[in-house]
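To keep things clear, I will list the structure first and then write my remarks on it.
Readers should treat all values here as calculations from the given coordinates under stated rules, not as data from a laboratory. On a predicted model such as this, the values are computed, not experimentally measured, just so you know. Using ideal geometry, Cβ is built from the backbone for each residue, glycine included, and neighbour counts are taken over all protein chains shown.
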Amino acid sequence: MRDKFSVSTLPAVALGAVIGTASPALAQSDVVVLDAITLIGTGLPTEVMRNPASITIIESDSIERSAPVSIATLLRDVPGVQISEEGIERVSIRGEDARRVAILIDGQKLTDHTNYGQPILVDPTIIERIEVVRGSASVVSGSRAIGGVINIITKRGAAQPFALSTTAGYISATDGYRYSATASGTVQAGAGALDYRLSYGRMDQENRQTPDGELVPSDVQDRSLSGHLGYRLGRHYFGLKAQSYDLAANVYVGQPGFDIALPKRDLRKVSGFYEGTDLTPWLNRLSVDVYRQTIDREFVNDVSTMAGPMQIDVQSVSVDDQETEGLNLRAEMSFSANTRTVAGLEYEDDQLTTDKVTQTTITPPGFPSTTLRYDRAKIRTFSVFAQHEFDLNEELTATFGARWYDVDADHEASTTDGAGNPTSSNSDSLLLRSAGLVWTPRASLALRANISEGYSYPTLSQLFLTTTAGGEGTTYGNPDLDPETSTTYELGARYDADGWLLDATLFYTKAEDYIVSAPSGPRIFTYENVDEARSWGLEVYAEHEFDRWGLTPYISAALLRRQLRYANGYNTFDSGAPEAAGRIGLRKDWQISDVTGTLDLFLRAESGTDYRDDTGSVTNSAGGYATINLRGDVEFVNGIRLVAELNNLTDRSYQPYGQMPGAERSVNLFLTKSF
């Protein structure tokens with residue numbers, strides 16, 4: 001049997017020896033940075049402190065001081081954010097499913113037409129920072145942003161002519177590893193400067209080990225290659241990015257006779273962009289980007305059930321090819337000293353081709369029958385938006401904005417066993433609005449109010465496709481679906497002075513026309529707009545720095561009350577979203593000569609929750625849990641950084657809602673060397 005204690009003790013002893021003789025150093029928040037500038041909340045460059053939206057920025061320093069196991073692990077302690085694991089990690093916000101959260105890479109959206117939501121297909125070692133918007137945000141960030149937005153900004157070239165960075169790490173809970181290498185720099189080229197970056201990374205994790213045993217199967221692998229090339233000439237910047245990311249996983253179900261494999265989820269992306277600053281007295285910034293991305297997806301589901309003396313085996317295989325082309329244009333303008341305006345347009349052409357094979361074998365007699373389905377469909381989305389900000393006085397700033405959507409979807413071809421099927425189409429046009437007010441009576445305090453709307457157009461699967469995966473029967477698309485919509489109301493406060501830092505939000509969200517698969521016959525389901533949801537909550541991040549000792553106690557927590565309203569009139573607060581979740585800890589920042597580091601002891605906890613369907617039956621549940629964890633990092637003057645994370649120190653058995661059972665007592669140990 002593996003000695004769990006020895007795995008986690010050695011790094012703790014080493015870090016403890018260092019901390020024991022350390023002097024205090026400047027403490028920095030792991031999550032909340034209120035002076036960071038971001039475009040994502042209002043479309044205009046605005047400090048988080050003065051932003052009307054609920055925003056969290058995870059800066060590069062925080063990312064570098066964490067083990068880059070995955071992007072989801074970097075996000076899990078943001079208030080209101082939860083991780084879902086269905087073989088591949090996805091992110092949900094404020095109780096909304098992952099398919100209602102917009103995922104952007106450098107401001108360009110990743111699209112997904114499954115019923116699970118878009119996974120984040122990026123190597124965590126190439127990220128410059130992560131921007132998170134909690135709550136409806138479709139005016140600024142486009143479709144899918146009902147629960148919120150995750151915008152991942154990737155790194156560009158290093159400041160010096162040549163820099164080399166390598167990262168390697170061990171993940172004991174899965175006997176896994178991740179490594180990466182990056183070469184980057186900036187050199188003079190004619191009248192301007194050329195910057196470049198080339199990165200390669202790989203991760204391989206075996207089955208997860210838990211206090212109760214091994215989860216078979218639960219392995220996951222990824223591989224990435226990315227490049228960036230940019231040229232700055234005065235006020236103009238031209239850039240080109242390319243990305244290749246391969247992901248594969250086996251899904252732990254814990255149910256005999258039910259297997260899911262995801263052999264392929266591969267992204268290929270190329271994008272070009274232009275940024276111009278201070279082009280005229282009134283045009284502060286102009287940005288244009290174009291991109292093309294393809295996602296190749298393979299899904300395998302095997303289901304075996306008994307029906308009296310007969311065994312029924314159903315294997316469903318889906319091979320999907322998705323091609324997306326897009327254009328984004330944005331202009332930031334200032335026509336007077338107390339106003340700023342941003343206006344832009346977005347175009348997206350998203351096409352899906354899918355081949356599905358369903359093989360059914362009934363034993364006896366044991367002869368298989370096979371059904372072949374082919375579909376090709378596309379969605380074209382065009383939208384224009386504008387957001388205006390004006391200062392009512394020196395302390396009060398108002399913003400209001402709107403976005404007009406025009407969407408067309410077409411089922412271009414469909415066959416079953418070679419015979420043609422009827423095809424159809426869908427379209428929608430809608431105006432969305434937002435408004436915000438921020439009062440800053442002094443530089444250290446901001447009070448805000450915000451109203452914003454969200455919009456999620458049906459996926460091509462929900463509109464047109466027929467699926468058999470899941471073993472429950474056949475689900476048919478519905479070309480008459482309406483988009484899902486939401487409205488979020490928020491009140492918030494931010495404070496940063498005298499060692500105190502606070503970011504608190506009260507919110508209420510009303511969501512309508514939820515799309516679900518509703519029964520329409522024996523083992524027959526059809527997607528329908530039937531359900532609604534109401535969500536109330538409080539999100540808080542607070543810390544206080546005791547500079548004399550280099551100690552910072554902190555809390556990051558979310559309280560959520562969420563009601564599901566079904567079409568048959570049944571309402572329930574058992575929505576599957578935990579009513580309380582968060583992290584509370586004590587961070588120690590230290591310095592010995594030129595060596596600096598951090599030690600962070602924290603408790604991560606979540607309340608238990610149930611999920612009731614429209615009949616009132618509990619179909620899923622999870623118990624509450626709390627784990628004790630320790631994270632430490634050390635940065636040496638020779639460009640070496642060591643990060644150690646000791647997880648679940650008490651080796652507790654637990655399973656968060658929507659996730660696999662938690663890992664055993666384990667260590668993530670990563671070493672980065674920069675040249």
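Computed quantities for the displayed model
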{"item": "Contour excess over end-to-end distance, with Cα ends at L431 and A189 and 0.36 nm allotted per residue", "result": "82.5 nm"}
{"item": "Distance (nanometres) between label positions extended 7 Å along Cα→Cβ at D175 and L279", "result": "5.7"}
{"item": "Amide H partners (placed H, <5 Å) of N421, local residues excluded", "result": "S414, T415, T416"}
{"item": "Two-site FRET efficiency, I592 against S674, from Cβ-Cβ distance with R₀ of 30 Å, rounded to 0.05", "result": "0.90"}
{"item": "Per-residue Cβ neighbour rank within 10 angstrom, fewest leading, L194, L121, L286", "result": "L194, L286, L121"}
{"item": "Ellipticity estimate at 222 nm from DSSP helix runs (n ≥ 4, -39,500 (n - 2.57)) divided over the chain, nearest 500", "result": "-1500 deg cm²/dmol"}
{"item": "Extension reserve of the V288-S424 stretch, reckoned as 0.36 nm per residue once the Cα distance is removed", "result": "45.6 nm"}
{"item": "GluC sites (Glu not before Pro) within segment 377-478, DSSP loop, no more than 10 other Cβ atoms inside 10 Å", "result": "E394"}
{"item": "Stretchable slack from D408 to T73, in nm (0.36 nm times residue separation minus alpha-carbon distance)", "result": "117.0 nm"}
{"item": "Estimated inter-spin distance, D349 and V319, nm [label 7 Å along Cα→Cβ]", "result": "2.5"}
{"item": "Burial ranking of peptide ranges 112-118, 462-468 (average Cβ count within 10 Å, highest at the top)", "result": "462-468, 112-118"}
{"item": "Label point 7 Å beyond Cα of F335 along Cβ direction - residues of segment 46-90 with amide nitrogen under 14 Å", "result": "none"}
{"item": "Ascending count of other beta-carbon atoms within 10 Å, so fewest first, for M203, M333", "result": "M333, M203"}
{"item": "Distance between modelled label sites at I640 and R442, nm, 7 Å Cα→Cβ extension", "result": "4.6"}
{"item": "For segment 4-674: relative contact order, % (alpha-carbon pairs under 8 angstrom, 6 or more apart)", "result": "12"}
{"item": "Relative packing of 424-433, 90-99, 606-615, 45-54, which averages over residues the other C-beta atoms within 10 Å, highest first", "result": "90-99, 45-54, 606-615, 424-433"}
{"item": "Cβ-Cβ FRET estimate between T650 and S621, R0 fixed at 25 Å, reported to 0.05", "result": "0.65"}
{"item": "Hydrodynamic radius by Kirkwood, which averages 1/r over all alpha carbon pairs of the chain, in angstrom", "result": "26.3"}
